[in-house]
1. For segment 44-255, what does the relative contact order come out to in percent, with C-alpha contacts under 8 Å and a separation of six or more?
2. Sort segment 131-266 into rounded, prolate or oblate with this rule: let a ≥ b ≥ c be the square roots of the eigenvalues of the Cα gyration tensor; rounded if a/c is under 1.5, and if a/c is not under 1.5, prolate when a/b is larger than b/c, oblate otherwise.
3. Between rounded, prolate and oblate, where does segment 53-120 land on the alpha carbon gyration tensor, with a ≥ b ≥ c its root eigenvalues, rounded for a/c under 1.5, else prolate if a/b exceeds b/c?
4. My understanding is that a pair violates if its Cα-Cα distance is over 24 Å; which of 135/196; 74/236; 69/135; 74/196; 63/196; 63/135 do that in this structure?
5. Quick one: accessible surface of residue 124, probe radius 1.4 Å, all protein chains present, in square angstrom to the nearest 10.
6. For residue 101 paired with residue 77, estimate the spin-label separation in nm (one decimal), with each label point 7 Å from Cα along the Cα-to-Cβ line.
7. Compare the peptides 163-172, 87-96 by average per-residue count of other Cβ atoms within 10 angstrom and give them in order, highest first.
8. Given Cα pairs under 8 Å that are at least 6 residues apart, what percent is the relative contact order of segment 151-228?
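The values are calculated or read from the model by the stated rules, or taken from the named source; none is laboratory data. If you're wondering where the values come from, they're calculated on a predicted model, not measured in any experiment. With ideal geometry, Cβ positions are generated from the backbone for all residues, glycine too; neighbour counts draw on all protein chains shown. Each accessible area value is taken on the protein alone, full model and side chains, heavy atoms only, with ligands, DNA and RNA left out. Shrake-Rupley method; radii C 1.70, N 1.55, O 1.52, S 1.80 Å.
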Amino acid sequence: MKKSTFLQIAFIALSAMVWLGCGQAKYEERLQASTEFYEYMETIERNLASPIWVDSQYGLKLKLPIPFKVPMAKPEILQDEDGNTFPGPDQRQPQELLGIELPGIIEAWQAFLPGESGEQIDSRIYVLTNHSRFKLTDGALTQEPMEFMDDLEAELARAFDVIIPDGEANQAGDNIRYGLTVPPSGSPNSKFIAPKRYSVIRFISTAEGSGPPVQAVLYEHFAGDIQAAVLIIGPKSFTSQFRQRIELALQTFSVSPQASSQMNQSTGTATPSGGASGF
């Protein structure tokens with residue numbers, strides 16, 4: 001065999017080996033990515049309720065942490081002698097738990113979580129937004145939409161008799177505001193879902209034996225002019241498993257300001273501006 005022919009054959013063989021090696025590497029890489037994604041989805045299904053909660057009117061989505069699943073009943077629509085309709089009492093309000101009424105309730109869920117002594121604590125999850133504040137009365141706003149989160153914080157601070165300082169702290173703590181990104185930077189989950197940022201306040205009574213016997217954790221999220229929050233009320237200490245489920249649930253929270261623009265055309269509301277934030 002001529003030397004040139006031998007070199008050609010050797011080159012082709014070497015090229016084939018390299019190509020096969022690269023192909024194998026890509027296959028293994030894709031297989032690993034598929035395995036990680038399957039494990040992520042399996043974790044989601046194991047810890048969060050199905051199906052995902054969707055409010056198409058306001059463009060909201062959330063997968064609830066188990067054991068929360070079925071929404072609480074909304075207020076009954078009543079009618080007066082003149083045929084005018086109005087909502088009845090809202091049993092979703094946490095009057096017995098906190099002694100306050102929350103603004104902007106879109107949906108609420110109830111479950112019982114274990115307390116420090118093993119007792120079952122009446123617990124709630126709320127989705128709250130400023131959507132209703134864009135509705136016009138006689139052509140004007142009756143409540144400032146951009147003050148919604150301030151008003152919500154003030155009600156919770158009053159319930160727990162605490163003062164929340166301005167600004168965000170660098171780390172988590174009680175009765176302070178701090179930032180939270182889920183999934184956190186560098187987390188394997190960040191490969192499968194876009195990180196979302198929250199401003200968080202954990203409200204808890206500071207005086208021993210006073211105030212509500214529960215905690216309230218407020219997760220604030222902003223999408224353009226839409227202010228939305230997930231509020232969790234429950235025992236003063238959550239289990240590590242439930243804390244993990246909360247973080248997974250927050251990864252699925254989706255808020256779109258576009259729903260308000262659609263609502264404006266039919267209900268007569270002020271138009272929010274800004275972009276969308278989705279899951």
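1. Relative contact order of segment 44-255: 22 percent.
2. oblate
3. Oblate, because a/c is 1.5 or more while a/b does not exceed b/c.
4. Beyond 24 Å between Cα atoms: 135/196; 74/236; 69/135; 74/196; 63/135.
5. Rounded to the nearest 10, the figure is 20 Å².
6. 2.0 nm
7. By packing density, highest mean first, the sequence is 87-96, 163-172.
8. Relative contact order for segment 151-228 comes out at 25 percent.
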